[in-house]
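One structure is given here, and the rest of the page talks about it.
What follows draws every value from the coordinates through simple rules; no lab data is involved. Keep in mind the model is a prediction, meaning the values are calculated, not measured. Note that we place each Cβ from the backbone using ideal geometry, even for glycine, and neighbour counts take in every protein chain shown.
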Amino acid sequence: MTKSPGFSRSELAKALEFEGYGRKSAPYWFLGIEEGGGSIEELTERVRLFDPVEDLLSAHQKLGLEGTMRRHVPTWRVMSKIVMALEGRLEWQQATTAREYQATELGRVNGDTFLTELMPLPSPSTADWPYELIFPTRSQYFAEVRPRRIEWLRSEVSASHPDIIVCYGKGNWHHHQEIFSDVVFMPELNEKIRVGERGDTTILLLPFLSYDLVTTELIANIADMFGNGQMAG
């Protein structure tokens, strides 16, 4: 690993130890591979301003991104619908309801969700790598950081006991299954998802959280199987 100009060892450690957004003791976790966006300049600001666990709204405000939580972000919108459906909220299918949940409840420190990632550094896409001054290649970054991150995730899940963990992105299921290597995952809902149990926690492997892959019907079926409220059509 090459230290980036402007980053001390402790600052780089802080960047790599960022945990996520929301409340770790929340009942619903969402686990992706990495955040979108990202640059050396943004990482510098995140290191300076962020705590290990951030409120999603406050984090965007710290970066000067006002109004972000009301933007149309399909991943956040699908997350919002999943949680509302699992909770049995009657209007979970409505776009206005999902938008309001996204704006006021998703990833909040006093809310019911925790949003985290396998890898801690944001990146515009898997084809881009904006951190060559820190790790020359993405593969080197994965090799050095992923084992520690997997151990951290295992430990946090054991300590926090979320009710449900939604791991998303079918192309990343093998990474998720590596985290939960002691869990046997079984296909459900015509093999659209896989389901495993780890103690009191249900782990769901879902496709990427887009409208075409995680449809209203699929969310309703998931809530029928794992929700804690009466479903409404």
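Normalised by the residues of the range 9-226, what does the relative contact order come to in percent, with Cα pairs under 8 Å and at least six apart?
28 percent
I want to verify a result. In a Gaussian network model of the chain, Cα cutoff 10 Å, which of these has the top mean-square fluctuation: Asn190, Asn221, Asn110?
Asn190
Using DSSP to define loop residues, name the chymotrypsin sites (Phe, Trp or Tyr not before Pro) in the range 124-215 whose beta-carbon has at most 15 other beta-carbon atoms within 10 Å.
Tyr211
Multiply the residue separation of Glu144 and Leu189 by 0.36 nm, subtract the distance between their alpha-carbon atoms, and state the gained length in nm to one decimal.
Extending this stretch completely gives an extra 12.6 nm.
Report, ordered by chain and residue number, the lysines lying within cross-link reach of Lys62, taken as a straight Cα distance under 18 Å and ignoring same-chain residues fewer than 8 apart.
Filter leaves Lys14.
Which residue, Gly88, Gly171, Gly196, has the most motion in a Gaussian network model of the chain that connects Cα atoms within less than 10 Å?
Gly171
So which GluC sites (Glu not before Pro) in the range 132-166 are both in a DSSP loop and have at most 14 other Cβ atoms within 10 Å of their Cβ?
Glu132
Consider just the alpha-carbon atoms of the range 9-226 and return their Rg together with their Dmax, both in angstrom.
For the range 9-226, the Cα radius of gyration and maximum Cα-Cα distance read 16.8, 49 Å.
Please give me, ordered by residue number, the GluC sites (Glu not before Pro) of the range 164-215 that lie in loop per DSSP and have at most 13 other Cβ atoms within 10 Å.
Qualifying residues, ordered by number: Glu191.
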